[in-house]
Structure formats: structure tokens, C-alpha cells
1. Along Cα→Cβ, 7 Å out, is where each label goes; now give me the distance between the ones at Thr60 and Asp92 in nm to one decimal.
2. Report, ordered by chain and residue number, the lysines lying within cross-link reach of Lys97, taken as a straight Cα distance under 17 Å and ignoring same-chain residues fewer than 8 apart.
3. Accessible area of the chain with a 1.4 Å probe: how many percent of it is carbon plus sulfur?
4. Averaged per residue, what accessible area in Å² does the stretch 1-121 show with a 1.4 Å probe, protein chains only?
5. List the GluC sites (Glu not before Pro) within the stretch 46-133 that DSSP assigns to loop and that have no more than 14 neighbouring Cβ atoms inside 10 Å.
6. List the residues whose amide H sits under 5 Å from the amide H of Val25, counting only those 5 or more places along or on another chain, with H placed 1.01 Å from N in the peptide plane.
7. So if each residue of separation counts as 0.36 nm, and I subtract the Cα-Cα distance between Asn121 and Ile30, what length gain in nm does that give?
8. Val41 versus Glu14, label points 7 Å from Cα toward the beta carbon: distance in nm?
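The values are calculated or read from the model by the stated rules, or taken from the named source; none is laboratory data. Fair warning: this is a prediction, and the values are worked out from it, not measured in the lab. For neighbour counting, all protein chains shown are included, and Cβ atoms are generated from backbone atoms with ideal geometry for every residue, glycine included. Side chains are part of the model used for accessible areas, which takes the heavy atoms of the whole protein and leaves out ligands, DNA and RNA. Shrake-Rupley method; radii C 1.70, N 1.55, O 1.52, S 1.80 Å.
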Amino acid sequence: MAENTFLLEIITPERTFFSDRAKQVIVTAIDGELGVLKGHVPMVTSLAVGEVRIQKADGTWRSAACSDGFMRAGPNHTLITVQTAEWPEEIDVNRAKIQLMHAEEQLRQKESNLQFAASKNKLARAVLRLRVGGRGSVNH
């Protein structure tokens, strides 16, 4: 089992979110989804707000909602650094619904480019949290 796994670490400023052997990780890079397996060529990429899917060493899959950040991949070790990461059971769906409504309202208002970008990011995070939380239907 260990011969086709690599060390995967996901860290936030508050905690080590995940640190274990993995067969595969799929992330949302700024230009689309990207998968990493053992033996991946060294690379660094920017991550967008999105779902991170982890295939653990035992073959099971686990998903998490992550903010934007960076990933450094290599043959035997991949490091993901993000501001926030949440397992589905950690997501407060009611709070995410409220955040979604607030972000949609902010997008309807006339704003500066910077405020518009921040509102789009908030909207993306709220939609992601509802999707990964598994208890909400979102049509965006």
C-alpha cells in the first residue's frame, strides 16, 4: 500500500487540517481541476476556492471545502496551504445560507472592482460550503 502513496499535508493558519499518506488528491487550481499522484513532477500552483478530494491510503475518499491558497506538489510530498479548510461535518449549513444571501446582495450593489472581487469570493465560498456540507441545494 505504501508504495503508491505520498505524504499529503493541508495546513491553515489555525491548524494542521490533514497530514497522512494519500493515493491521490484532486484540487481546484485557478485554471481548473488538478490531480496529484505519487511521483508527480515538482510544481507550485495557485488554488481557487473549491473542493479538495483526497483518496486516502486505504482507498476511501474524503472531501473538504477549502479557500484559495497554494499547493506545492512533488514525487513523495504534497503541501497545500489555505486560509480555511472544513470537513463536511464542520460546516454550519444555516450560516453558509446566510453568507450566500449576503454575498448575493453585495454583488447586486454597485461596488468598486476590489469590493466586487471580494463579494464574488464570498459567494463562491458560501456555495462551496453548502455543496460540500451536503445538506443544501444551490443552483448557481
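1. Placing both labels 7 Å beyond Cα along the Cβ direction yields 2.7 nm.
2. The qualifying lysines are Lys120, Lys122.
3. Details: 4160 of 7970 Å².
Its accessible area is 52 percent carbon and sulfur atoms.
4. On the way: 6820 Å² over 121 residues.
Per-residue value: 56 Å².
5. Numbers: sites: Glu51, Glu86, Glu89, Glu90, Glu104, Glu105, Glu111; in loops: Glu111.
Here the GluC sites (Glu not before Pro) that fit, given the DSSP loop and packing criteria, are Glu111.
6. For Val25, the qualifying residues are Val36, Gln55.
7. Details: separation 91, 0.36 × 91 = 32.76 nm, distance 1.26 nm.
Computed gain between Asn121 and Ile30 is 31.5 nm.
8. Result: 3.8 nm between the two label points.
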